[in-house]
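To keep things clear, I will list the structure first and then write my remarks on it.
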Amino acid sequence: MNILVCLTYYRPHYSGLTIYAERLARALAESGHQVTVLTSRYDHNLPAQIEQDGVKVMRLNVAWRVSKGVIMPSMPFQAFQLAKKADVVHLHVPQLDASYIAVLSRLIGKPVVLTYHCDLMLPKGLVHKIANQVSHLANHVSAIAANVIVTNTRDYAEHSPFLRHYLNKVQVIQPPTELPPVSEAEIEQLRMKVGIQNDEQVIVMAARLATEKGVEFLVQAMPEVLERHPKARVLFVGQHENVFGEEAYALKLTPLIERLGKAWSFLGVLPSQELAAVFHLANVLVLPSINSTESYGMVQVEAMTCGTPVVATDLPGVRQPVAMTGMGLVVPPQDAKALAHAINTILDNPVRFRGDAAAVAERFSSKTIAQQYVAIYKKLAEKS
């Protein structure tokens with residue numbers, strides 16, 4: 001099949017949405033499908049066109065930016081031209097351009113699949129407020145035009161102020177999860193690189209340093225964790241510097257994190273091989289997200305595939321991986337004391353929460369998820 005994928009940002013931009021889109025596109029290409037990704041050239045140093053992992057990536061120039069969105073004047077024309085050749089158009093939202101792409105695609109008889117990743121919640125301020133309203137309107141137009149709306153869990157869909165209006169179109173597909181295999185030698189090499197002693201207990205958080213990720217609640221929980229487990233350490237994986245729109249948040253957290261001393265280390269964005277080694281090294285992964293911009297948290301399933309248990313917040317969608325696997329605990333959002341108690345419980349008895357890592361890896365693999373999408377694509381293409 002010829003599949004056109006449209007989204008605002010694509011790799012090397014780092015977010016849960018871009019990781020999801022890249023994994024799915026690559027798995028579809030590996031299955032023999034022709035995949036074209038149409039996205040923004042958000043960094044002018046990126047090539048305008050490239051083939052990557054069998055996927056053709058086309059990046060369009062950005063004229064200006066509105067909050068976290070971008071305006072690409074050439075997007076309507078390019079999307080229309082590519083949609084005419086496609087068997088199906090796959091849109092990842094939130095995305096401002098999705099609305100008119102969905103409408104144009106349907107007008108020329110092309111089926112539209114919409115993957116709805118999360119409800120958008122931008123920071124306070126007039127510009128952000130306007131951007132939020134425009135995004136909501138675009139999402140509604142996209143959803144009305146779409147044939148099928150894919151989301152991570154029914155739990156999230158039923159609690160989403162947006163998705164609850166379109167439950168008749170919703171189909172559930174879990175996010176694609178993949179990590180490369182790592183050897184004991186690679187895990188030991190990372191241990192030495194980071195400076196982790198054999199008797200230290202490793203708490204991993206993998207995210208951007210952003211408000212919605214609830215980083216401060218892990219910071220606040222650490223004194224109680226350290227009181228019970230004085231050799232516990234946090235390894236924070238992901239972008240922690242120059243996160244767009246989060247500069248004030250980082251400044252607020254910096255002195256609090258510095259007080260933890262060697263109990264907190266920033267590792268930055270890691271290549272997949274080292275990320276997998278971190279998850280194998282970890283005693284527990286923490287996902288303390290605070291609102292509906294987190295609809296699932298792929299990172300917790302990644303950790304589970306390495307046999308690492310998880311503490312996640314009790315948010316729609318986010319709580320589902322723990323419920324499905326039994327590999328961890330769920331705590332109320334924005335509750336540092338409950339978070340500390342759950343971390344201590346797992347560190348006290350990690351074997352209790354290990355689960356079946358191999359079964360999790362198979363169930364959530366990119367190949368498995370791609371097959372589920374292809375079934376939807378083919379069914380829609382047959383009807384069009």
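Values quoted throughout were computed directly from the atomic coordinates according to the rules given, and no laboratory measurement underlies them. Please read all numbers here as calculations on a predicted model, not as lab measurements. Counting neighbours? That spans all protein chains shown, and the Cβs are built from the backbone with ideal geometry, glycine included.
Data overview
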read-out: Ascending count of other beta-carbon atoms within 10 Å, so fewest first, for VAL237, VAL299, VAL172, VAL215; value: VAL172, VAL237, VAL299, VAL215
read-out: Members of LYS231/LYS252; LYS85/LYS378; LYS169/LYS379; LYS110/LYS367 lying beyond 18 Å, as alpha-carbon distances in this model show; value: LYS231/LYS252; LYS110/LYS367
read-out: q = 0.09, 0.13 Å⁻¹: log10 I(q)/I(0) that the Debye formula gives for region 184-363, counting C-alpha atoms only; value: -0.27, -0.59
read-out: Between helix 215-228 and the chain: long-axis angle, C-alpha atoms, 0 to 90°, nearest 10; value: 20 degrees
read-out: Under 17 Å from the Cα of LYS383 - aspartates and glutamates, other chains or at least 8 residues apart; value: ASP87
read-out: Point-to-point label distance, ALA48-GLN371, nm (Cα→Cβ direction, 7 Å offset); value: 4.1 nm
read-out: Exposure proxy ranking, count of Cβ atoms within 10 Å, fewest first, for GLU186, GLU362; value: GLU362, GLU186
read-out: Kirkwood hydrodynamic radius over Cα pairs of the chain, then Stokes diffusion coefficient at 25 °C and 0.890 mPa s, in µm²/s; value: 114 µm²/s
read-out: Cα-based shape type of region 282-350, given that a ≥ b ≥ c are square roots of the gyration tensor eigenvalues and the cut on a/c is 1.5; value: oblate
read-out: Considering only the chain, percent of DSSP beta bridges that pair antiparallel, nearest 5; value: 15 percent
read-out: Ranking of MET72, MET327, MET1 by count of other Cβ atoms within 10 Å, fewest first; value: MET1, MET72, MET327
read-out: Calculated [θ] (222 nm, deg cm²/dmol) that DSSP helices of n ≥ 4 give over the chain, each run adding -39,500 (n - 2.57); value: -13000 deg cm²/dmol
read-out: Segment ARG352-LYS337, length gained on full extension (0.36 nm per residue, minus Cα span); value: 3.3 nm
read-out: Rounded tilt (10° steps) of 184-194 against the dominant C-alpha axis of the chain; value: 80 degrees
read-out: Cα gyration tensor of region 161-215 - equivalent ellipsoid semi-axes, whole Å, descending; value: 38, 18, 8
read-out: Radius 13 Å from Cβ of ARG26, net charge of other residues (Lys, Arg +1; Asp, Glu -1); value: -1
read-out: Three-way shape label, region 40-93, alpha-carbon gyration tensor, a/c 1.5; value: oblate
read-out: Low-density loop positions, GluC sites (Glu not before Pro), region 228-294 - DSSP coil, at most 16 other Cβ in 10 Å; value: GLU241
read-out: Cα long-axis angle, helix 336-348 against the chain (0 to 90 degrees, to the nearest 10); value: 70 degrees
read-out: J(HN,Hα) series, region 6-16, from Karplus relation 6.51 cos²θ - 1.76 cosθ + 1.60, nearest Hz, glycine and proline x; value: 10, 7, 5, 10, 9, 4, x, 4, 10, 7, x
